[in-house]
Amino acid sequence: MQTITHEAYEILESRYLQQDRNGRVIESPEQMFERVANHIAGAEQQWGGHEKRKLWERRFLETLCDLDFLPNSPTLMNAGLPAGQLSACFVLPIEDSLHGIFSTLKHAALIHQSGGGTGFNFSSIRPRGSLVNSKTGVSSGPVRFMQMFNEATEVVRQGGKRRGANMAVLDVDHPDIVDFVHAKTQDEKLRNFNISVGVTDRFMEAVLAKKKWVLSHPALSTNGRTIDAEKLWHMIVTQAWQTGDPGLLFVDTINLFNPTPALGTIRATNPCGELPLLDYESCNLGSINLSHMVKKINEKHSVDWYKLGSTIEVAVRFLDNVIEVNTYPLPEICSITKANRKIGLGVMGWAEMLILLGIPYASEEGVELAGKLMQFITEKSGEVSRELARERGEFPNFNRSIHTGKSPLRNAASTSIAPTGSIATIAGTSFSIEPLFALAYTRSGILEGRSLSAMNALFVDRMKEEGCWSNKLGVHIKENGTLSDWPDHLPERNRQLFQTALEIPWSYHLRHQLAFQQHTDNAVSKTINLHEGASVDDVSEIYFTAWKGGAKGITIYRWGSKTDQVFHRGCSIEKC
């Protein structure tokens, strides 16, 4: 069993390890992994019998205990337990009727209770003030119903451990789009929602051409009003600059790569944007720990492509098994999930892999490796999916997919880049494909009001190896979280290697996202971190560059634009 850090154990104890009726922990991390491996390997029984089940249970357990791969939180929390809901991501439809809206609210509450997060496109709801079918009243509009969903989420805890998370999408031509753009002006409003505007290529081109933009809805007898596309764009980027919301979903790009277009148009994503899903689809995620996919030969580090490939084989099979042994909140979710069998294999520890390889995040070499690495992961995932199709059969909607006529696949989509906030902490590595946020940081609001603090172990080890460590440096990092303003000499390569998120130019943040997206089946969840002095024009340029570069979505966060920030640079001397 790989050593679990103190920070990781605190999270496991609070949220993942089984407890008795008195709240006492009755499970160790290794026992948790045994529970998970045993349950997920149960799917092997129907294709290979008892011996094959035991073989894969051993391989799953070894991979989990080595922290080389971890599945999403609901799987760790619920596998082998009566609840048994293992997926993190869901999208639910919303009809333009009171019955439809409240039915969706009920379904969302059940999903949140089981540990999942939900995404919705609220565009079907008629605009605020328009007549309802009965002609006896007027619609409250999508933003008001979003607030209702938010309040419901506030009181329903995920798996009994935390509040749920949501994504709200509104199409850019909805008559209430201005209200939506400003919906999170105050910090406490819609605190359980990320929001994104669903923008089309036509809208982006209208902004560039300074054209008028028509706002319309099927419930209206007329086309509605028009607005200057450039004016609406300025509202969007200004709000993102001020609050971090809204992000953008590039819906035409998403649907260009929709693996099952015959089944419908994708209009929403899961809460963090990495899974564009059809109505009622769910998906289970898992991430490979890239900081463990590095080998050292003759004092030189390189990517361990063999170990990476072997870990992908285990991970894809694990995630496909989850679909079989999962307990689904609704029959509609079970039906379409098993018909398409989407999985989302991603990565964590990218920043630490680069550090081990001696490659700065803000470098051409880093961006080039990002593309090469993700291409390998997606191609290998496809190979494993084809092997599973030969063994178990292709996904039922294969002949209605973009893959028809090619070698059968077990999964309509295989790869996705998730944020990995909790599982990366459990694995003791950096989050997703993000650079290091800080060399020492404090994370608040994650453990029922308590905070966690940590200093990056790779940084400390490297400084000690090179004879650069001192108590003075340690105090500086604890106080500031970065090497900026460190007056004493350090090799320039180390200053570049340990640049943190706010020190790295936004162009490199975005280039890493685009490099990974180019070779990812689903989408990439990535925050473009901006320093406090970034401008509205910077946000506009980022959003346009993301669209032109083929991103499926984009999110920025300007330092200091929220009063309740989760991460803080530096940490207390006692805790760090």
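Structure notes:
- Conditions (1) hydroxyl-bearing (S, T, Y); (2) in contact with a strand residue (DSSP E or B) (Cβ under 7 Å, 6 or more places away or on another chain); (3) within 30 Å of M455 (Cα to Cα): number failed by Y508: (2)
- Of the residues making up the range 10-37, those that are over 23 Å from S444 (Cβ atoms), outside any strand (DSSP E or B) and either of a type in the set (D, E) or over 26 Å from the mean Cα position of the chain (by Cα) (or both) are D20, R21, N22, R24, I26, E27, S28, E30, Q31, E34.
- Of the strands (runs of 3 or more DSSP E) lying entirely inside the range 239-327, those containing at least 2 residues that are open to solvent by less than 10 Å² (accessible area, probe 1.4 Å) span 247-250, 282-289.
- Qualifying residue in the range 414-427 (condition: over 17 Å from I477 (Cα atoms), out of contact with any strand residue (DSSP E or B) (no Cβ under 9 Å at 6 or more places or on another chain) and outside any helix (DSSP H, G or I)): no
- Selected residue [under 29 Å from I433 (Cα atoms) and among the acidic types (D, E)] from D245, D228: D245
- Residue match in the range 211-232 (condition: under 30 Å from A339 (Cβ atoms) and surrounded by fewer than 22 Cβ atoms within 10 Å (Cβ to Cβ)): yes
- Any chance S416 is over 22 Å from L356 (Cβ atoms) and open to solvent by less than 60 Å² (accessible area, probe 1.4 Å): yes
- Cβ-Cβ distances below 6 Å connect the following pairs, each with a first residue in the range 347-361 that is under 20 Å from E492 (Cβ atoms) and among the hydroxyl-bearing types (S, T, Y), a second residue that is assigned to a helix (DSSP H, G or I) and open to solvent by less than 10 Å² (accessible area, probe 1.4 Å), and a separation of six or more residues or different chains: Y361/L354.
- Within the range 38-84, considering residues that are open to solvent by less than 60 Å² (accessible area, probe 1.4 Å) and among the aromatic types (F, W, Y), the one farthest from N289 (Cα to Cα): W56
- For the criterion of being in contact with a helix residue (DSSP H, G or I) (Cβ under 6 Å, 6 or more places away or on another chain), among the β-branched types (V, I, T), in a loop (DSSP other than H, G, I, E, B) and at negative phi, I433 passes.
- Among the helices (runs of 4 or more DSSP H) confined to the range 489-554, the ones with at least 3 residues that are open to solvent by 20 Å² or more (accessible area, probe 1.4 Å), under 30 Å from C468 (Cα atoms) and out of contact with any Cys (no Cβ under 8 Å at 6 or more places or on another chain) are located at 492-497.
- Per-region count, the range 96-129, residues out of contact with any helix residue (DSSP H, G or I) (no Cβ under 6 Å at 6 or more places or on another chain) and without any contact (Cβ under 8 Å) to a residue 40 or more places away in the chain: 10
- Some residue of the range 529-540 being touching an Asp or Glu at 6+ places or on another chain (Cβ under 6 Å), at negative phi and among the polar types (S, T, N, Q): no
- Subset tally (residues that are surrounded by fewer than 20 Cβ atoms within 10 Å (Cβ to Cβ), modelled with pLDDT under 95 and not aromatic (F, W, Y)) for the range 1-17: 10
- When L354 is tested against (1) open to solvent by less than 20 Å² (accessible area, probe 1.4 Å); (2) out of contact with any Pro (no Cβ under 9 Å at 6 or more places or on another chain), only condition (2) is not met.
- Against the criterion of being in contact (Cβ under 8 Å) with a residue 40 or more places away in the chain, among the acidic types (D, E), part of a helix (DSSP H, G or I) and open to solvent by 10 Å² or more (accessible area, probe 1.4 Å), E387 does not qualify.
- Among the residues making up the range 182-210, those that are over 18 Å from S140 (Cβ atoms), of a type in the set (A, V, I, L, M) and open to solvent by less than 70 Å² (accessible area, probe 1.4 Å) are V197, V199, M204, A206, V207, A209.
- Residue that is modelled with the lowest pLDDT [pool: residues in the range 561-576 that are open to solvent by 70 Å² or more (accessible area, probe 1.4 Å) and more than 25 Å from the chain's Cα centre (by Cα)]: I573
- The selection criterion, being without any contact (Cβ under 8 Å) to a residue 24 or more places away in the chain, part of a helix (DSSP H, G or I) and over 23 Å from T327 (Cα atoms), does not hold for E7.
The values are calculated or read from the model by the stated rules, or taken from the named source; none is laboratory data. Every value quoted in this text rests on a predicted model; they were computed, and no experiment measured them. When we count neighbours, we look across all protein chains shown, and the Cβ atoms used for this are built from the backbone with ideal geometry, even at glycine. When the accessible area is computed, the model is the full protein with side chains, heavy atoms only, and any ligands, DNA or RNA have been set aside. Shrake-Rupley method; radii C 1.70, N 1.55, O 1.52, S 1.80 Å.
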